[in-house]
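The values are calculated or read from the model by the stated rules, or taken from the named source; none is laboratory data. The model shown is predicted, which means the values in this text are computed figures rather than measured ones. Because the Cβ atoms are built from the backbone with ideal geometry, glycine has one as well, and the counts that use them run over all protein chains shown.
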Amino acid sequence: MNVCTINVDNGMAIPESSHCDLGAENAIYCGDGRVAPVNVAATDITPAETQQTHTNEDRYAIAISLPDITAQDYVTDEEFQDMYRFLVNDELTQNERRNRVTLLLQDQYFLKGDLLFKWSLPRNKREHRLRPVAERLCIPKMFRHKLLKHFHDNLGHFGIQRLFLILSYRVYWNNLLKDIQEFCHTCDTCLRSKMNFGFRSSPLHPLPVPNGPCESYSLDHEVLSRPTKRGNVAVLCVVDQFSGWPILRGVPDLTAYTTARVVFTEVIVPYGVPFLFVTDKGGSYCVSFFFNI
Ligand SMILES: [Zn+2]
């Protein structure tokens, strides 16, 4: 069983100086830069022991297991079989295009025992300071889902970016980020527990559509810039929502009593009792309005 170590304090970036041999069971990188020996494989750690590890001085690190990969797994793997056969036996395929890719990328791969590794080279000086050269274990397709599940579940259901930072430093396969995205988006625990804070709009409650005229009216006031000669300070606007027919009357004030009196004489008496009044007035205003009607 191979054991790799993850610094859960900052998400990744185990220094090269503490980089442990994946083939030898091994060491844990502590948050303060020390390397503590580990005598058990990750799968042998009981929950109680794991808890004890976290509460002690090694609480910044967690041991994660990598799969046991054999040479046969690489030979039968769709992605790595060409490179593996070339590095082991100098074999090339009958396909010129695949051979060209193998020859161009051969410097990026190397063997350590039966395991195939790929160099991860920083693309610029800034990345070199943050993440030096790393040896990434090539993972055949048959192990990928199990490995993603193991890392994702044991690291507290990390999100896409954090999980990618951790895995891309240790393992390699094509479309690693895409597979992580698919896995995180379909994790049942994450879907149930992680709240989507970006979704903040409230559901809409559309008003009922009237079936004919004089069923529902909208009410509002248009306040005038100055009082009229008759002492009116605003215009009460009552609009039939079905036909759009407006009823406009000047009012001396904006009180619920005055509004109710105008609505009763101008709307209810000539056209009947409507089904609905729609207004943006407050609750107390509406109570007083219907009380006076
Ligand atoms: Zn999850």
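Is it true that Leu137 is within 30 Å of Asp188 (Cα to Cα) and assigned to a strand (DSSP E or B)? First the steps, then the outcome.
Values: within 30 Å of Asp188 (Cα to Cα): yes; assigned to a strand (DSSP E or B): yes.
Taking the combined requirement at face value, the residue satisfies it.
Being hydrophobic (A, V, I, L, M, F, W, C) and not in a helix (DSSP H, G or I) is the filter here, so list the residues in segment 88-97 that pass it.
Taking segment 88-97 and keeping what is hydrophobic (A, V, I, L, M, F, W, C), we get 88, 92.
Of everything in segment 88-97, just one residue is hydrophobic (A, V, I, L, M, F, W, C) and not in a helix (DSSP H, G or I), namely Leu92.
Find the residue count for segment 88-109, including only residues that are in contact with a Phe, Trp or Tyr (Cβ under 6 Å, 6 or more places away or on another chain) and in contact (Cβ under 8 Å) with a residue 24 or more places away in the chain.
Residues in segment 88-109 being in contact with a Phe, Trp or Tyr (Cβ under 6 Å, 6 or more places away or on another chain) and in contact (Cβ under 8 Å) with a residue 24 or more places away in the chain: 0 in total.
Can you confirm whether Val251 is in contact with a helix residue (DSSP H, G or I) (Cβ under 8 Å, 6 or more places away or on another chain), at pLDDT 90 or above, outside the structural domain of Ser120 (by TED's automatic domain parsing) and surrounded by 15 or more Cβ atoms within 10 Å (Cβ to Cβ)? Reasoning before the result, please.
Working: in contact with a helix residue (DSSP H, G or I) (Cβ under 8 Å, 6 or more places away or on another chain): yes; at pLDDT 90 or above: yes; outside the structural domain of Ser120 (by TED's automatic domain parsing): yes; surrounded by 15 or more Cβ atoms within 10 Å (Cβ to Cβ): yes.
Against the criterion (in contact with a helix residue (DSSP H, G or I) (Cβ under 8 Å, 6 or more places away or on another chain), at pLDDT 90 or above, outside the structural domain of Ser120 (by TED's automatic domain parsing) and surrounded by 15 or more Cβ atoms within 10 Å (Cβ to Cβ)), Val251 qualifies.
Residues are listed down the side, and each one gets a yes or a no for (1) exposed (fewer than 14 other Cβ atoms within 10 Å of the Cβ); (2) assigned to a helix (DSSP H, G or I):
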{"position": "Gln72", "(1), (2)": "yes, yes"}
{"position": "Phe86", "(1), (2)": "no, yes"}
{"position": "Asn99", "(1), (2)": "no, yes"}
{"position": "Thr102", "(1), (2)": "no, yes"}
{"position": "Pro122", "(1), (2)": "no, no"}
{"position": "His145", "(1), (2)": "yes, yes"}
{"position": "Lys149", "(1), (2)": "yes, yes"}
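What residue, among those in segment 169-205 that are in a loop (DSSP other than H, G, I, E, B) and surrounded by 15 or more Cβ atoms within 10 Å (Cβ to Cβ), is nearest to the ligand (Cβ to nearest atom)? Give the steps one after another, and end with the answer.
Looking only at segment 169-205, we keep the residues that are in a loop (DSSP other than H, G, I, E, B), and these are 173-175, 186-187, 194-205.
Still in the running and surrounded by 15 or more Cβ atoms within 10 Å (Cβ to Cβ): 173, 187.
Values: Trp173: 20, Cys187: 3 Å.
In this case the residue turns out to be Cys187.
Do you know which of the residues in segment 151-168 that are in contact with a Gly (Cβ under 7 Å, 6 or more places away or on another chain) and within 21 Å of Trp119 (Cβ to Cβ) is surrounded by the most Cβ atoms within 10 Å (Cβ to Cβ)?
Result: Ile166.
Please count how many residues of segment 152-168 are within 12 Å of the ligand (Cβ to nearest atom) and within 16 Å of Arg131 (Cα to Cα).
Number of matching residues: 2.
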